[in-house]
Amino acid sequence: MRMARLLKAFGYFLLVLAWAALASAQEDPEPSRDPAVFKAQLRQAAQLCKRTMQDIQALSPDDTGPVDPRLRSRARQTYVTLRAAWWGMGLAKQRETSYKDPMLDLAYKRIDQALPLARFPVDYTDLVRSEYISRSVQGLSTAIKLINQALVIRP
């Protein structure tokens, strides 16, 4: 009887560990200094920004309830993808030794400016809904422009 309970508890423990490993494996994209990788991440971040902005615009400004966790999760994924591209660009800049690529520096600066704008919808969900919508949409719109500029600078 005791052994059955112990085995059952151990089985639940293994299930929780497997679930945690699966959840962490699906989370954050890996930064890479490979231009093809960080460009793909920038394209993906631009698409996620646009979708997140549309979802935020669809919110009711009169609603007083908390922001939908799925929307917050998408906003976080947008930020995390952009951060991975930014980090990868930083790694690429560090790798340059004899020749500094000025275009990479310009693109990096654009993403550096976009990063806090993409972070806002993740961190400030407790603001008054109308202010959250206004500031998030404005920030994400500017972030999309900056990301697209970086993609044009670094084709």
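Summary of computed values
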| quantity | calculated |
| --- | --- |
| Selected residue (criterion: nearest to R135 (Cα to Cα)) from residues of region 88-109 that are touching a Pro at 6+ places or on another chain (Cβ under 8 Å) and crowded, with 18+ Cβ neighbours inside 10 Å | G88 |
| Boolean, L7 is within 27 Å of P121 (Cα to Cα) and at pLDDT below 95 | no |
| Output for region 47-85, where each listed residue is surrounded by fewer than 22 Cβ atoms within 10 Å (Cβ to Cβ) and among the small types (G, A, S) | A58, S60, G65, S73, A84 |
| Odd one out for Q94, checked against (1) at pLDDT 90 or above; (2) of a type in the set (S, T, N, Q); (3) under 17 Å from V37 (Cβ atoms) | (1) |
| Tally, over region 129-155, of residues that are more than 19 Å from S73 (Cα to Cα) and among the β-branched types (V, I, T) | 4 |
| Among (1) in contact with a Lys or Arg (Cβ under 6 Å, 6 or more places away or on another chain); (2) within 19 Å of I133 (Cα to Cα); (3) at pLDDT 90 or above, the one test that D55 misses | (1) |
| D101 being over 14 Å from the mean Cα position of the chain (by Cα), within 26 Å of R154 (Cβ to Cβ) and not small (G, A, S) | yes |
| Verdict on P29 being loosely packed, with under 13 Cβ neighbours inside 10 Å and either closer than 23 Å to Q149 by Cβ or in contact with a Pro (Cβ under 9 Å, 6 or more places away or on another chain) (or both) | no |
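Listed here are the residues, each with its yes/no results for (1) over 16 Å from Q44 (Cα atoms); (2) polar (S, T, N, Q).
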residue: S60; (1), (2): yes, yes
residue: L82; (1), (2): no, no
residue: Q94; (1), (2): yes, yes
residue: Y99; (1), (2): yes, no
residue: I111; (1), (2): no, no
residue: V122; (1), (2): yes, no
residue: R135; (1), (2): yes, no
residue: G139; (1), (2): yes, no
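The values are calculated or read from the model by the stated rules, or taken from the named source; none is laboratory data. Quick caveat: nothing in here was measured; it's all calculated off a predicted structure. All Cβ positions, even for glycine, are placed from backbone atoms using ideal geometry, and neighbour counts span all protein chains on display.
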